[in-house]
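Each remark here refers to the structure printed beneath this line.
The values are calculated or read from the model by the stated rules, or taken from the named source; none is laboratory data. It should be emphasised that the depicted structure is a prediction, and the values quoted were computed from it without experimental measurement. Ideal geometry is used to build each Cβ from the backbone, glycine not excepted, and the neighbour counts take in all protein chains shown. Ligands, DNA and RNA are stripped out before the accessible areas are found, and what is left, the full protein with its side chains, is counted by its heavy atoms. Shrake-Rupley method; radii C 1.70, N 1.55, O 1.52, S 1.80 Å.
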There are 2 protein chains.
Amino acid sequence: MNGWGEMAHPPQGQALGAQQVRTWGPRLGGMQPQSGPPLPNPQSEAVEMMDQIIHWVREDPSGLGRPQLPGAPATESMAVPMMLLNLVDQLGEEDEELAGKYAELGDWCAQRVLQHVQRDGQAVLEHVSEDGEELSGCLGRHQNPGHALEAGWFLLRHTHRRGDPALRAHVIDKFLLLPFRSGWDPEHGGLFSFQDADGLCPTQLEWAMKLWWPHSEAMIAFLMGYSDGGDPTLLHVFYQVAEYTFRQFRDPEYGEWFGYLNREGKVALTIKGGPFKGCFHVPRCLAMCEEMLSALLSRPALAPARPVPDPARRGAE
Amino acid sequence: MNGWGEMAHPPQGQALGAQQVRTWGPRLGGMQPQSGPPLPNPQSEAVEMMDQIIHWVREDPSGLGRPQLPGAPATESMAVPMMLLNLVDQLGEEDEELAGKYAELGDWCAQRVLQHVQRDGQAVLEHVSEDGEELSGCLGRHQNPGHALEAGWFLLRHTHRRGDPALRAHVIDKFLLLPFRSGWDPEHGGLFSFQDADGLCPTQLEWAMKLWWPHSEAMIAFLMGYSDGGDPTLLHVFYQVAEYTFRQFRDPEYGEWFGYLNREGKVALTIKGGPFKGCFHVPRCLAMCEEMLSALLSRPALAPARPVPDPARRGAE
């Protein structure tokens with residue numbers, strides 16, 4: 001699984017691999033409206049790309065064109081199995097045949113993500129060795145609370161599909177509550193972008209900045225956790241994150257969310273979109289939370305109590 | 001010159017190209033102390049690598065293994081010709097034969113760097129087209145005051161070698177005073193890391209952070225500019241930058257400089273070294289500034305006045 005690095009959030013300007021460009025460049029170009037041959041079937045295109053991705057992840061990443069430096073350790077970035085787990089979820093959501101096709105892959109992805117829980121269950125580490133061991137140095141100690149929370153709700157969906165309540169409890173403990181407790185800034189509120197598992201200073205310049213997407217992912221994760229099991233702790237954390245998020249990220253004047261706050265919560269970049277902030281995390285969060293909140297409100301136990309008849313009007317009924 | 005990107009300060013974790021790894025990996029490995037065949041001559045190794053770099057820059061960058069995305073415009077990052085200009089300076093410094101060999105290359109590099117002065121001389125832009133035109137979008141508007149200042153003193157060395165006073169005045173105006181005036185934070189002091197030529201918000205998260213290296217480069221640039229021509233404005237700016245630098249970056253308790261301050265000048269990362277801060281910018285700055293200051297102090301006009309004889313002691317002499 002080498003050569004992928006931080007695929008989910010690559011450094012700005014990082015190019016696709018040579019093979020990717022050759023394979024997908026013309027296809028992406030072909031997606032623009034044009035006359036000529038008919039557009040390919042989006043579903044079969046998606047499955048074809050999924051199979052290519054699986055090949056890169058599980059068999060041979062060399063087609064990605066990212067050379068290994070001599071001496072570099074074989075590492076696994078959590079981004080790879082977690083994003084693949086989300087693809088399994090998406091492709092199988094309304095298609096039993098595809099869900100069956102990718103079921104074993106989903107189990108494999110979940111197992112790979114789970115091996116990022118390290119230090120006797122006290123830390124989720126972004127990078128581990130191919131054998132699931134902690135790596136030395138700051139790469140090994142690197143933590144990304146937003147990623148852990150996002151992986152958390154991908155895993156919750158997986159446990160839901162697989163019907164595995166023991167795994168569900170483990171996920172809530174290790175991928176929701178643990179990253180929230182270590183990643184929430186006790187001084188100014190909000191989730192840190194990066195942390196070092198030994199409490200040392202991370203090497204990422206933006207480590208203490210508050211970014212929108214970890215907060216979107218946290219809202220989904222805690223509301224999903226609460227919806228499934230009803231633990232009020234999870235609802236309380238959802239509310240805490242949502243309160244911070246709507247207070248600090250939302251632009252009350254022109255709409256949309258700002259993406260980048262400094263540690264104290266002040267807007268550091270006034271852009272509403274950029275190389276990493278597109279029309280993705282915010283609408284996904286809002287749509288999923290609205291759906292989950294609506295479902296909660298329509299449950300009998302949570303439905304508003306029928307109005308108690310007014311005793312004074314009883315005689316008139 | 002495509003495929004090089006921000007070679008001087010690449011995103012963390014960005015791998016060398018496949019060809020680089022094949023060519024230089026074993027050699028760098030071979031530089032460790034070992035018994036066996038004798039070590040290669042460092043000078044001839046340097047010249048050989050320089051010739052390889054020149055090939056990548058001027059003829060064919062494909063060996064770097066950085067694929068072009070379809071549709072990406074052909075751009076020139078100022079980092080490439082400016083760093084190459086510095087290599088020309090270094091290799092020719094004590095070697096007339098090499099200085100002669102690379103003289104034409106030095107002129108070419110200087111001409112390429114100079115074409116980054118855009119907008120009727122009102123802005124230095126980090127990226128321009130291959131033809132020296134402004135690019136559209138935020139890539140085209142991107143400015144890096146520290147880079148412009150660093151390029152400034154590389155160009156000052158070039159004009160010194162070539163004996164070109166008109167170019168020298170242009171360089172001081174466009175690569176020293178212009179980036180300093182636009183890049184200095186009027187509110188909190190210090191040089192911004194990145195700016196947008198239209199005054200829009202940059203997309204780099206650290207744009208308003210104060211990094212050590214632009215300040216090192218500014219100190220060298222302004223002291224060099226003053227040493228050559230004696231303009232007191234340049235000495236005044238040197239002092240202003242040095243005063244901020246030693247006040248904000250230096251660690252009075254444990255020595256060394258911190259590398260990363262927030263906009264207000266507070267230490268944001270407590271690390272003294274990291275993926276980009278090595279033993280380079282600070283010692284280069286201190287050694288060059290000490291050398292220039294010593295040379296200034298030893299000039300007759302600036303040497304301390306001979307002590308005026310004490311009239312009361314005159315009789316005793």
Selection status of A:Q118, under 22 Å from A:S193 (Cα atoms), open to solvent by 40 Å² or more (accessible area, probe 1.4 Å) and modelled with pLDDT of 95 or more: no
Residue tally, condition outside any helix (DSSP H, G or I) and more than 24 Å from A:A148 (Cβ to Cβ), over region A:73-105: 2
Test result for B:S216, among the small types (G, A, S), within 14 Å of the chain's Cα centre (by Cα) and modelled with pLDDT of 95 or more: yes
Residues being surrounded by 20 or more Cβ atoms within 10 Å (Cβ to Cβ) and touching a Ser or Thr at 6+ places or on another chain (Cβ under 7 Å) - total across region B:158-203: 2
Residue match in region A:251-269 (condition: under 23 Å from A:H160 (Cβ atoms) and under 17 Å from the mean Cα position of the chain (by Cα)): no
Selection count, region A:48-95, where residues are within 14 Å of chain B (Cβ to nearest Cβ), buried (at least 19 other Cβ atoms within 10 Å of the Cβ) and within 26 Å of A:V117 (Cα to Cα): 3
Considering residues of region A:221-234 that are surrounded by fewer than 24 Cβ atoms within 10 Å (Cβ to Cβ) and of a type in the set (A, V, I, L, M, F, W, C) only, the residue farthest from the chain's Cα centre (by Cα): A:L234
Candidate set from region A:253-279 (those that are at pLDDT 95 or above and of a type in the set (F, W, Y)); member that is nearest to A:L191 (Cα to Cα): A:Y260
Qualifying residue in region B:131-141 (condition: open to solvent by less than 50 Å² (accessible area, probe 1.4 Å), under 25 Å from B:M50 (Cβ atoms) and in contact with a helix residue (DSSP H, G or I) (Cβ under 9 Å, 6 or more places away or on another chain)): yes
Residue in region B:221-234 that is closer than 19 Å to B:E126 by Cβ and in contact (Cβ under 8 Å) with a residue 40 or more places away in the chain present: yes
Among (1) outside any helix (DSSP H, G or I); (2) within 14 Å of chain A (Cβ to nearest Cβ); (3) within 19 Å of the chain's Cα centre (by Cα), the one test that B:C279 misses: (2)
Check on B:F246, over 21 Å from B:F180 (Cβ atoms), of a type in the set (F, W, Y) and under 20 Å from the mean Cα position of the chain (by Cα): no
Residues of region A:187-221 that turn out to be small (G, A, S) and part of a helix (DSSP H, G or I), as a count: 3
Region A:205-262, residues that are within 21 Å of B:P202 (Cα to Cα) and aliphatic (A, V, I, L, M): A:L205, A:A208, A:M209, A:L211, A:L261
All positions within region B:200-231 that are of a type in the set (D, E) and either closer than 11 Å to B:L156 by Cα or away from every other protein chain (no Cβ under 14 Å) (or both): B:E217, B:D228, B:D231
Complete set of residues in region A:73-103 that are without any contact (Cβ under 8 Å) to a residue 24 or more places away in the chain and more than 17 Å from A:F154 (Cβ to Cβ): A:E94, A:D95, A:E96, A:E97, A:G100, A:K101
Members of region A:248-269 that are in a loop (DSSP other than H, G, I, E, B), within 13 Å of A:K210 (Cβ to Cβ) and either among the hydroxyl-bearing types (S, T, Y) or touching a residue at least 60 places away in the same chain (Cβ under 8 Å) (or both): A:R263, A:E264, A:G265
One residue from B:G273, B:G255 being out of contact with any Pro (no Cβ under 8 Å at 6 or more places or on another chain) and more than 14 Å from chain A (Cβ to nearest Cβ): B:G255
Among (1) within 24 Å of B:M50 (Cβ to Cβ); (2) of a type in the set (D, E); (3) over 15 Å from the mean Cα position of the chain (by Cα) - the single one B:E150 does not satisfy: (3)
Residue tally, condition free of Cβ contacts under 8 Å to residues at least 24 places away in the same chain and part of a loop (DSSP other than H, G, I, E, B), over region A:172-186: 1
Matching residues, region B:190-205, being without any contact (Cβ under 8 Å) to a residue 40 or more places away in the chain and farther than 11 Å from B:C138 by Cβ: B:G199, B:L205
Search result, residues across region B:227-252 that are at pLDDT below 95 and touching a Gly at 6+ places or on another chain (Cβ under 8 Å): none
